[in-house]
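The values are calculated or read from the model by the stated rules, or taken from the named source; none is laboratory data. Here the structure is a predicted model, which means the values were calculated and not measured. Positions of Cβ are backbone-derived with ideal geometry, glycine not excepted, and every protein chain shown enters the neighbour counts. These area figures cover heavy atoms from the full protein model, side chains too; ligands, DNA and RNA do not enter into them. Shrake-Rupley method; radii C 1.70, N 1.55, O 1.52, S 1.80 Å.
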Amino acid sequence: MVTPLSCSLPNRRKGGPKASGEERLKIVPGSRLHSICGSEDDSEQYYCNYGVNEEYEKQFQAAGLRVSARGIQGETRAVELPDHRFFIATLFQPQLSSRPESPHRFWLAFLRAAMQFQKVRSKRGAIRTPRVKARAKAAAR
């Protein structure tokens, strides 16, 4: 499913991996990644020698993965599970352009999703607590 890249990015960093530097992306409208980035065009940082083997795209889709971003030549750059709270896999690396004073929007979206999950889970735990106590009392009798 993952394969060594056959060619380098046009603006490859000297001495870096084949995919090192910045590349333009086409983000699929309606995807979670699109809602995070806010547009169909984006530019992201890479530092790797591997990419998605495009021969597996139909299998990815059959398994529920949706391509959410492509490189300038149409190659897969990000996939996501649309029905999951936050499952996005990217070949670009948001940490390369993230700074403490200006975190990458991808990390901010991930943290918001984690906080929302924690809220929901806390509410469920509060609801379940009385039932758990009642069951424990019944079991002790």
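Per-structure values
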read-out: Any hit, the stretch 102-110, residues being more than 13 Å from the chain's Cα centre (by Cα) and of a type in the set (Ser, Thr, Tyr); value: yes
read-out: Count of the stretch 4-47 residues which are among the β-branched types (Val, Ile, Thr) and either modelled with pLDDT under 80 or open to solvent by 20 Å² or more (accessible area, probe 1.4 Å) (or both); value: 2
read-out: Matching option when the condition is among the hydrophobic types (A, V, I, L, M, F, W, C), under 16 Å from GLU23 (Cα atoms) and either at pLDDT 85 or above or not in a strand (DSSP E or B) (or both), among ALA113, ALA69, ALA89; value: ALA69
read-out: Within the stretch 86-104, considering residues that are of a type in the set (A, V, I, L, M, F, W, C) and under 15 Å from LEU33 (Cβ atoms), the one most open to solvent (accessible area, probe 1.4 Å); value: PHE87
read-out: Residue ID - modelled with the lowest pLDDT, chosen from residues in the stretch 72-85 that are within 12 Å of the chain's Cα centre (by Cα) and open to solvent by 30 Å² or more (accessible area, probe 1.4 Å); value: ARG85
read-out: Number of the condition not met by ARG128 [criteria: (1) modelled with pLDDT under 85; (2) under 30 Å from PRO4 (Cβ atoms); (3) not aromatic (Phe, Trp, Tyr)]; value: (2)
